[in-house]
1. By how many nm would the segment from ALA131 to GLU150 grow when fully extended, if each residue of separation counts as 0.36 nm and the alpha-carbon distance is taken off?
2. Just reorder TRP43, TRP149 by solvent-accessible area, largest first, 1.4 Å probe, all chains present.
3. Rounded to the nearest 0.05, what FRET efficiency do GLN54 and LEU172 have when you use their Cβ-Cβ distance and R0 = 30 Å?
4. What is the calculated FRET efficiency for ILE142 to LEU8, with r their C-beta to C-beta distance and R₀ = 22 Å, to the nearest 0.05?
5. As an exercise, use a Förster radius of 30 Å and the Cβ-Cβ distance of ARG65 and PHE85 to find the FRET efficiency, rounded to the nearest 0.05.
Amino acid sequence: EPALGFDLQSGITWPTMERIAESDELAASGRLPLLASGKEADWGYVMELPVYRQPAAGAAPEARRARLRGFVMGIFHIAQTIESFFANQEEEILEILFIDRSATRPELEFLHYRSRDGQVRTAAAAPSVEAIRSGLHLRVPIDHAGRQWELWFRPRAGWVAVHSQMRSWLVLALGLAM
């Protein structure tokens with residue numbers, strides 16, 4: 001969806017954009033409410049990369065700012081991004097707890113996804129790390145574009161019971177992945 005006329009300098013990501021303009025880094029925001037016309041709020045994240053008139057490698061921050069032409073921005077819907085991971089799965093298997101360890105406010109730290117219904121839930125409806133850790137799970141830490149994220153995967157309720165003959169293979173695969 002286009003956000004015509006949106007002034008980036010008035011947006012929540014502007015301080016990050018100023019910082020990366022001087023450092024030539026890719027940056028990712030935390031979870032943000034996306035602009036929506038007539039719909040309920042949807043959550044997303046923004047990735048930003050500065051674009052320079054000439055290569056800025058090794059240049060001082062002031063020189064980078066002088067060469068700055070603008071920014072390339074990618075705006076991602078969290079639910080659509082997570083759902084794309086499972087697009088080719090025949091079966092609804094996983095629940096994912098997404099933790100943003102870089103979040104500055106606790107209410108923005110957790111997201112929970114259940115492949116059963118494709119819904120992304122916020123902290124209030126998310127299981128705790130302890131609840132996930134108590135059963136079969138996989139933790140994947142991700143350090144990306146200045147953010148520290150953790151993905152906690154577990155099979156959805158009932159899946160392991162239905163597929164008990166595969167449990168030992170799943171345990172072995174998860175153990176080897178860790």
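The values are calculated or read from the model by the stated rules, or taken from the named source; none is laboratory data. All of these numbers come straight from a predicted model, not from anything done at the bench. Cβ coordinates were reconstructed from backbone atoms using ideal geometry, including for glycine residues, and neighbour counts include every protein chain displayed. With ligands, DNA and RNA removed, areas are computed over all heavy atoms of the protein, side chains included. Shrake-Rupley method; radii C 1.70, N 1.55, O 1.52, S 1.80 Å.
1. Working: separation 19, 0.36 × 19 = 6.84 nm, distance 1.52 nm.
Extra length available between ALA131 and GLU150 comes to 5.3 nm.
2. Working: TRP43 75, TRP149 30 Å².
Accessible-area ranking of TRP43, TRP149, largest first: TRP43, TRP149.
3. Numbers: r = 52 Å, r/R0 = 1.75.
According to the calculation, E is roughly 0.05.
4. Numbers: r = 26 Å, r/R0 = 1.18.
Plugging the Cβ-Cβ distance into 1/(1 + (r/R0)^6) gives 0.25.
5. Working: r = 37 Å, r/R0 = 1.24.
The calculated FRET efficiency here is 0.20.
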